[in-house]
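The block underneath contains the structure these notes are about, expressed in structure tokens.
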Amino acid sequence: MVDFALSDEQRAVRDWVRTFVERELVPLEPEVLRRERSGEPGITREESRALQLKARESGFWGILTPEEYGGMGLGAITASLLEAELGRTFVPFRFGGAADNILFHGNSQQKERYLLPTIEGERISCFAITEPGAGSDARAIRTSARRDGDHWVINGEKTFITQGNEADFVMVFAVAEEGVTCFLVDRDMGWKSEPIQTMGQWGPAALVFDDVRVPAENVLGEVGGGFALALQWIGQGRYLLPSRAIGSCERLIEMAVAQANSRTTFGEPLAERQAIQWMVADSVVELQALRLLVLHAAWQVEAGHDSRQAQSIAKLYGGVKANEIVDRVLQIHGGMGYTRELPIERWYRELRLLRIYEGTDEIQRRTIARNVLKGHVPVSAQF
Ligand SMILES: Cc1cc2nc3c(=O)[nH]c(=O)nc-3n(C[C@H](O)[C@H](O)[C@H](O)COP(=O)(O)OP(=O)(O)OC[C@H]3O[C@@H](n4cnc5c(N)ncnc54)[C@H](O)[C@@H]3O)c2cc1C
């Protein structure tokens, strides 16, 4: 049976988030744009926290966090629908109560010190594998970890680390004699961060480890078992990145429709021109295809299937098509689309990142092609 209907719970969650976005986030958009354009963060940590706590009053806390840790423990399909609703605004917001999946592998002491405060929003984490000399080829990392009695000494440099400027601790991957190992390292153990200016609003950081001494009990998982953890972190929710793009594309296409209907050139609305109609049609078709690819990937995750191929397909298609869609929407707005009076250029810059982080387009294609060429995944339908 193929059933495209949502469950009552899925519909209820989606509708609640849609209302939350319309009432609480969309009204902040002009102020977020104004602040960002004067070089400030669009939303402060306190404002974000206040919104998270407001959502918590209605039970929206820890979307994917298991119930035993105080979360909602929702399935991947519901999480994807929810993420799409959040994507309908560019106001940077996430529900509270979340923590990196690999922190759940910590021992009880590590859970107490790192996992639980991160879920509560009292501590901020960051994940650091990329280095100036190793991005797509993550196995080429050089940051080193040398054992010294009951400590490890870490040396090296990480780059493009999301939340690296704000984080209280880092999950850093370094090469020990036994292999790549993950360490939980508090900022006050001595690592330094430096902001990196980007074309988007979420400025990552460069991190420097200069003889940073880390107690042996801060190894996450097994010594030498870090690479598996890194893959698990990266693979945790690849479908969620294009999920957010779905909402953004919906908003953008709605803007294009309004513009096409209201703007007149040569005596007729733009909506009457085939050139414009085709841009709208292609965008609507690709958005629908993206929705189905994302939901299929989320369904595989929820069903416990091997979802790697489906997630790579959804991530690749989402990155490429969201960028084509925002470009068309900008084109339909003409000169106004290029200005900072409208938020289209902001979305344009933000969506560009989707083709780069958590596996570039080329790396997704490499994965997809390899899976098929080596016979790991059949070309026929995966239902
Ligand atoms: C805003 C932002 C946030 C980020 N957040 C984090 C974070 O929190 N933690 C973290 O660890 N990293 C983070 N990253 C790093 C990100 O994951 C890497 O930038 C990404 O994996 C690409 O690596 P690279 O930049 O070194 O590019 P490279 O690996 O040098 O690739 C350069 C180009 O070559 C292509 N290429 C590479 N190998 C191949 C191949 N075999 N075949 C064909 N083409 C290839 C790539 O697709 C790309 O187009 C972030 C990056 C950005 C920009």
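Tabulated values for the structure
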{"item": "Dipole in debye (nearest 20) - region 336-383, about Cα centre, beta carbon charges: Lys, Arg +1; Asp, Glu -1", "result": "200 debye"}
{"item": "Percentage relative contact order, the chain, counting C-alpha pairs under 8 Å, at least six apart", "result": "13 percent"}
{"item": "The chain, dipole about Cα centre (Lys/Arg Cβ +1, Asp/Glu Cβ -1), debye to the nearest 20", "result": "860 debye"}
{"item": "Per-residue SASA entry for residue 166, accessible area with 1.4 Å probe, Å² rounded to 10", "result": "90 Å²"}
{"item": "Charge-dipole axis of region 294-365 as Lys and Arg at +1 and Asp and Glu at -1 on Cβ define it, positive-most pick from 343, 359, 300", "result": "343"}
{"item": "Peptides 80-87, 332-339 ordered by average Cβ neighbours within 10 Å, highest first", "result": "80-87, 332-339"}
{"item": "Total charge dipole magnitude, region 24-67, about the Cα centre, Cβ charges on Lys, Arg, Asp, Glu only, Debye to nearest 20", "result": "100 debye"}
{"item": "Two-site FRET efficiency, residue 268 against residue 44, from Cβ-Cβ distance with R₀ of 41 Å, rounded to 0.05", "result": "0.35"}
{"item": "Translational diffusion of region 171-303, µm² s⁻¹ [Kirkwood Rh, Cα pairs; Stokes-Einstein; 10 °C; 1.306 mPa s]", "result": "81 µm²/s"}
{"item": "Residue 144 - accessible surface, heavy atoms, 1.4 Å probe, Å² rounded to 10", "result": "50 Å²"}
{"item": "Rounded accessible area per residue of the chain, 1.4 Å, Å²", "result": "50 Å²"}
{"item": "Projected label distance in nm at residue 146 and residue 178, using a 7 Å step from Cα toward the beta-carbon", "result": "1.9 nm"}
{"item": "Percent RCO, i.e. relative contact order, over region 8-94, from Cα pairs under 8 Å lying at least 6 residues apart", "result": "37 percent"}
{"item": "Label-to-label distance, nm, for residues given as residue 382 and residue 5 (7 Å Cα→Cβ offset)", "result": "2.8 nm"}
{"item": "Label point distance in nm, residue 324-residue 216, each placed 7 Å from Cα along Cα→Cβ", "result": "5.6 nm"}
{"item": "Among 54, 321, 158: highest mean-square fluctuation, GNM of the chain, C-alpha pairs under 10 Å", "result": "54"}
{"item": "Of all accessible heavy-atom area on region 241-335, the percent that carbon and sulfur account for (1.4 Å)", "result": "57 percent"}
{"item": "With all protein chains modelled, accessible area of residue 262 [1.4 Å, Å²]", "result": "80 Å²"}
{"item": "Carbon plus sulfur fraction of accessible area for region 92-152, probe 1.4 Å, in percent", "result": "45 percent"}
{"item": "Relative contact order, percent, region 130-170 [alpha-carbon distance under 8 Å, six or more residues apart]", "result": "36 percent"}
{"item": "Residue-averaged 222 nm ellipticity for the chain, from DSSP H runs of 4+ at -39500 (n - 2.57), nearest 500", "result": "-14000 deg cm²/dmol"}
{"item": "Neighbour cut-off at most 15 other Cβ (10 Å), DSSP loop, chymotrypsin sites (Phe, Trp or Tyr not before Pro), region 201-307", "result": "202, 266"}
{"item": "Solvent-accessible ranking of 3, 15, largest area first, probe 1.4 Å", "result": "3, 15"}
{"item": "Loop GluC sites (Glu not before Pro), region 280-372, which have at most 12 other Cβ atoms in a 10 Å radius of their Cβ (DSSP)", "result": "341"}
{"item": "Given charges at Cβ of Lys, Arg, Asp, Glu: the chain dipole, positive-most of 27, 326, 278", "result": "278"}
{"item": "Per residue convex hull volume, Cα atoms of the chain, in Å³", "result": "156 Å³"}
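The values are calculated or read from the model by the stated rules, or taken from the named source; none is laboratory data. These numbers were taken from a predicted model, which means no experiment stands behind them. Here the Cβ is made from the backbone with ideal geometry for all residues, glycine too, and neighbour counts use every protein chain on show. In case anyone asks, the SASA skips ligands and DNA or RNA and just uses the protein heavy atoms, side chains included. Shrake-Rupley method; radii C 1.70, N 1.55, O 1.52, S 1.80 Å.
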